[in-house]
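Accompanying notes for the structure given below.
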Amino acid sequence: MKALTITSKSVTREVLLGMARRVPGAWIGIRIAALLLLLEGWKSTKIAGLFGISRWSMVKWIHKVNKEGIGGIPDKPRSGRPCRLDEKVLKDLEEALEKSPVEFGLKRNRWDGIVQNDKGNTDGFINTLRTIRYRFKETLIDIWVDNARWHKGNKVNDFLCLHKELRINYIPKYHPELNKQEVLWRFMRYEETTDTYYESFEELKIAIFKRSQRWKPHKVRSLCHLN
């Protein structure tokens, strides 16, 4: 007997994942399917690729169900801190979230976690610039970066020529103290990783992420010596 296949050209992986993103409650089914595949022996990286989610999200799902059981599958309502965004920014954010991350050059089908590139590359840097530009519309933006090769080159220059509101400034070589990211990372290592053993790299990533979420804006400004 011939195996059944989907022959309709309108039914594609992208279309199905887009429907799951739009239909209320459908994403819970995707989460359940991902966990079923994990129980069948699939690797978490392969499942993440199949459903177009970040591996970070997959790791969070696994840790949550390991801790809470079946009750950890649905999202629970969260109050959170009072919103500090004005109505215009909230409206722009809502419009952006209604679109697919693919439209912003991101290789995922859902807004489900940190925007992260596996390693430095020019395309990833330009995608980050697109995200910043969209977030701060009609604003002149100065960005300070180090001299990594993916921060330079013809592709970056062409992008900057099209978007004059973005200005790239390069930190002098051999001056890591001028890179605020290096300052934050030094304190992060001191607070989170000193004299600490992690079973896996994923546990390390989760620990650092949780620590960063506990840092208040005034602490970040203080560490970076910003007013």
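For the reader, a short list of remarks on this structure follows.
- Test result for E191, of a type outside the set (S, T, N, Q), outside the structural domain of K91 (by TED's automatic domain parsing) and modelled with pLDDT of 85 or more: yes
Yes or no, residue by residue, for (1) of a type in the set (S, T, N, Q); (2) within 27 Å of R135 (Cβ to Cβ); (3) part of a helix (DSSP H, G or I):
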{"position": "K155", "(1), (2), (3)": "no, yes, yes"}
{"position": "F159", "(1), (2), (3)": "no, yes, yes"}
{"position": "K173", "(1), (2), (3)": "no, no, no"}
{"position": "Q181", "(1), (2), (3)": "yes, yes, yes"}
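- Residue in the stretch 54-66 that is more than 21 Å from A207 (Cα to Cα), modelled with pLDDT under 85, of a type outside the set (K, R) and surrounded by 11 or more Cβ atoms within 10 Å (Cβ to Cβ) present: no
- The stretch 177-213, residues that are touching a residue at least 40 places away in the same chain (Cβ under 8 Å) and closer than 22 Å to H63 by Cα: E202, K205, I206, F209
The values are calculated or read from the model by the stated rules, or taken from the named source; none is laboratory data. This one's a predicted model, so the numbers in the text were calculated from it and none came from an experiment. For neighbour counting, all protein chains shown are included, and Cβ atoms are generated from backbone atoms with ideal geometry for every residue, glycine included.
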